[in-house]
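The values are calculated or read from the model by the stated rules, or taken from the named source; none is laboratory data. All values reported here derive from a predicted model rather than from experimental measurement. A quick note on method: Cβ atoms are made from the backbone with ideal geometry, for glycine too, and the neighbour counts reach across all protein chains shown. Side chains included, ligands, DNA and RNA excluded: accessible areas come from the protein's heavy atoms. Shrake-Rupley method; radii C 1.70, N 1.55, O 1.52, S 1.80 Å.
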Amino acid sequence: RVQAIAAAAKALVAWRDGWLNPPGLPEAELKKRTLTNLYNQRPPALAALHAALDAAVFAAYNWPATLTDEEILARLLALNLQRAA
């Protein structure tokens, strides 16, 4: 599970780094390549990489992939409170 999460995270970071700093791009164009601009555009490849990372994390927690954002936050809060106790 740890290896699956690490591999998915590594793939995501490598893709983002490639998008942020492609070789041969003029300096003026590089300045436009920010994480904010990337995530505002949300290209399909980026979304797919995030989905793969999400799936690996869900599998590690034995959570269904169909959870809503609200359900995820509730589960994370419960885990945090449990560990803090």
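Summary of values
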quantity	calculated
Reported label for calculated Rg and Dmax of the Cα atoms in Å given (i) 16.5, 53; (ii) 12.6, 44; (iii) 12.4, 38	(i)
The chain - percent of accessible surface contributed by carbon and sulfur, probe 1.4 Å	60 percent
15 Å beta-carbon shell around Ala56, net charge (K/R +1, D/E -1)	+1
Nearest 10 degrees, 0 to 90: helix 69-84 Cα axis against the chain principal axis	60 degrees
Paramagnetic reach from Leu67 (point 7 Å along Cα→Cβ, amide N under 20 Å) across region 24-50	48-50
Mean accessible surface per residue for region 43-85, computed with a 1.4 Å probe while every protein chain stays in place, in Å²	70 Å²
The chain - mean residue ellipticity at 222 nm from DSSP helices (-39,500 (n - 2.57) per run, n ≥ 4, rounded to 500)	-24500 deg cm²/dmol
